[in-house]
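Just so it is clear, none of the values below were taken in a lab; they were calculated from the coordinates. Nothing here was measured: the structure is a model prediction, and the numbers come from that model. All Cβ positions, even for glycine, are placed from backbone atoms using ideal geometry, and neighbour counts span all protein chains on display.
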Amino acid sequence: MTQLSRPVPLASGAESPSVARSFRTGFLQALPFLLVLVPFALLFGVVATAAGLDLAQTMGFSVLVLAGASQFSAVQLLSDHAPVLVVLASSLAINLRMAMYSASLTPWLGRAPAWQRALIAYVLIDQTYGMAIQRFERQPRLTIPERVAYLAGATPVLCLPWMLFTYVGATAGQMIPAAWPLDFAVPITFLAMTAPMMRTLPHVAAALVAVLSALALSGLPSGTGVLIAGPLGMAAGAVAEAWQSRRRIQRSG
Amino acid sequence: MPGYSDATIWLVILALGIGTYLIRWSFLGAVGDRPVPDWAQRVLRYTAVSVLPALIAPLVMWPAATGGQPDPVRLYSAAATLAVGLLTRSTLPAILAGGTVLGLGTWLA
């Protein structure tokens, strides 16, 4: 029995033990995120199939796009018969935040080999970014190979189940009765993702302005309202943040 | 998927995949170790928090499933999701709360 509890040796070859340890730390620290990722992936499989995508297309989303919120929004807009350009613009806008992830990891990984940075870009989801930036900032003395190994350990735990459980949801989803109100799965999911983001006044201002504009513009052809409401919300957030930081400077000065 | 050809759906998947990859690769791959301008950081910070709720607000108020009429079950479900999300600061309990209210409401109705 003691054999079973021993850590599995890693196929690290000539690499230093600290690289192997970083890999294992990344792997272990990623495990709790499965609690969120697995149901979410199942739901995407179910929702995409219910909307009429076939299995290959559903998997195409989870393998090639690998970004939950934008996958849900693309499927939602497609079921609303929005024009293709509107589907792409809205879904890409949701992923724009990843430019910020990319920028904030660059000081830590900028000197890794180009092929490694290209691979990291593919797996840069909310969870890998959140784990990486916390680890790198708390342990600034990690070497570049150690940082890359940490991500290499976390990535399979986070990204492979996303694909696997999309498949499970897509195949099991066909057994769900038609009377179930699946149309509301996306609104619930997006509300549940947005609510925890209400950390500051500018975040609340951005969301409120975006929601009110989207409601006011709902008469526009399907999906186009969000192209105006989104930027309005973003502007409201940016303005509120600028106003807040000016006030803070005035108070302290 | 009704309304689109298979080729169109694959075009959406490929374009979204490539576009998302380029966004992720942008600074890491091409821009390198240069600072992001303040205004850009400010706007990027509020994209998700604006676009996600803007996308679903009309679906909550006027769901297509009830012919565009406000539906009490869906409104209560949305309110439960929002309330639990705000209180717990966490996505999964919020989804469970909204799903439970939606399921119970549909079953009772």
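Add -39500 (n - 2.57) for each DSSP H run of 4 or more in chain B, then divide by its residues: what number comes out at 222 nm, to the nearest 500 deg cm²/dmol?
-23500 deg cm²/dmol
Using a 10 angstrom cutoff on alpha carbons, build the Gaussian network for chain B and name the most mobile of B:R89, B:R24, B:R42.
Result for chain B, Cα springs under 10 Å: B:R24 fluctuates most.
At each listed q (0.20, 0.29, 0.31 Å⁻¹), what is the log10 of I(q)/I(0) that the Debye formula gives for the stretch B:54-108 modelled as equal alpha-carbon point scatterers?
Log10 I(q)/I(0), no solvent term: -0.70, -1.11, -1.15.
Would you mind giving the mean number of other chain beta-carbons within 10 Å of the Cβ of each residue in A:77-90, as a whole number?
The mean count of partner-chain Cβ atoms within 10 Å per residue comes to 3.
Report ³J(HN,Hα) in whole Hz for each residue of the stretch B:97-106, in order, from the Karplus equation J = 6.51 cos²θ - 1.76 cosθ + 1.60 where θ = phi - 60°; Gly and Pro get x.
Result, ordered by residue: 4, x, x, 5, 4, 5, x, 4, x, 5 Hz.
Looking at chain A, identify the longest residue range that excludes and avoids all trypsin sites (Lys or Arg not before Pro) in DSSP loops having at most 15 other Cβ atoms within 10 Å.
Maximal segment without exposed cleavage sites: A:1-110.
Take peptide A:101-109, look around each residue's Cβ out to 10 angstrom, count Cβ atoms belonging to other protein chains, and average those counts.
Counting Cβ atoms of other protein chains within 10 Å of each residue's Cβ and averaging gives 6.
What are the radius of gyration and Dmax of chain B, computed over its Cα atoms and given in Å?
For chain B, the Cα radius of gyration and maximum Cα-Cα distance read 19.3, 58 Å.
Can you run phi through the Karplus equation (6.51, -1.76, 1.60; θ = phi - 60°) for the stretch A:34-44 and list ³J(HN,Hα) in whole Hz, with x for Gly and Pro?
Calculated HN-Hα couplings, in order: 4, 4, 8, 5, 5, x, 5, 5, 4, 4, 4 Hz.
Using Cα-Cα distances under 8 Å and only pairs 6 or more residues apart, what relative contact order does chain B have, in percent?
Relative CO of chain B lands at 14 percent.
Give me the one-decimal Kirkwood hydrodynamic radius in Å for the stretch A:17-179, with the sum taken over alpha-carbon pairs.
16.8
Just to be sure I understand the curve: with the Debye formula and one point per C-alpha of the stretch A:154-228, what is log10 I(q)/I(0) at q = 0.13, 0.17, 0.25 Å⁻¹?
-0.69, -0.96, -1.10
Provide a whole-number value for the mean count of partner chain Cβ atoms within 10 Å of the Cβ atoms in peptide A:36-44.
Counting other chains' Cβ atoms within 10 Å and averaging over A:36-44 gives 2.
For chain A, modelled as a GNM with alpha-carbon contacts under 10 angstrom, which of A:A114, A:A20, A:A149 fluctuates the most?
A:A114
Ratio to report: Rg/Rh of the stretch A:23-109, with Cα atoms as the point set and Rh obtained by the Kirkwood method; give two decimals.
Using Cα coordinates only, the ratio equals 1.04.
From Cα pairs below 8 angstrom and at least 6 apart in sequence, can you work out the relative contact order of the stretch A:198-253, rounded to a whole percent?
Normalised by residue count, the contact order of the stretch A:198-253 is 44 percent.
Taking the Kirkwood radius as the inverse of the mean 1/r across Cα pairs, report the Rg/Rh of the stretch A:210-253.
1.27
Please report, to two decimal places, log10 I(q)/I(0) for the protein assembly as shown at q = 0.07, 0.08, 0.09, 0.15 Å⁻¹ as given by the Debye formula with identical point scatterers on the Cα atoms and no solvent.
-0.32, -0.42, -0.53, -1.38
Using alpha carbon coordinates only, what is the Rg to Rh ratio of the stretch A:39-80, with Rh defined as the Kirkwood radius?
In the stretch A:39-80, Rg relative to Rh is 0.90.
Along Cα→Cβ, 7 Å out, is where each label goes; now give me the distance between the ones at A:A56 and A:W115 in nm to one decimal.
Here the modelled spin labels are 3.0 nm apart.
With label points built 7 Å along Cα→Cβ from the Cα atoms of A:L35 and B:L87, find their separation and express it in nm.
With each label placed 7 Å out from Cα toward Cβ, I get 1.8 nm.
Relative contact order of chain A: what whole-number percent is it, with Cα pairs under 8 angstrom and at least 6 residues apart?
The value is 31 percent.
What's the local net charge at B:P63, with K and R +1, D and E -1, over the other residues with C-beta under 15 Å away?
Net local charge, B:P63 excluded: -2.
Distance from the Cα centre of the stretch A:101-153 to that of the stretch B:45-99, in angstrom?
Between the Cα centre of the stretch A:101-153 and that of the stretch B:45-99, the gap is 33 Å.
For the protein assembly as shown, what is the charge dipole size about the Cα centre, in debye to the nearest 20, if Lys and Arg each add +1 at the Cβ and Asp and Glu each add -1 at the Cβ?
1420
Rounded to a whole number of µm²/s, how large is the Stokes-Einstein D of the stretch A:59-134 at 4 °C and 1.567 mPa s, given Rh as the Kirkwood radius over C-alpha pairs?
Diffusion coefficient, whole number: 95 µm²/s.
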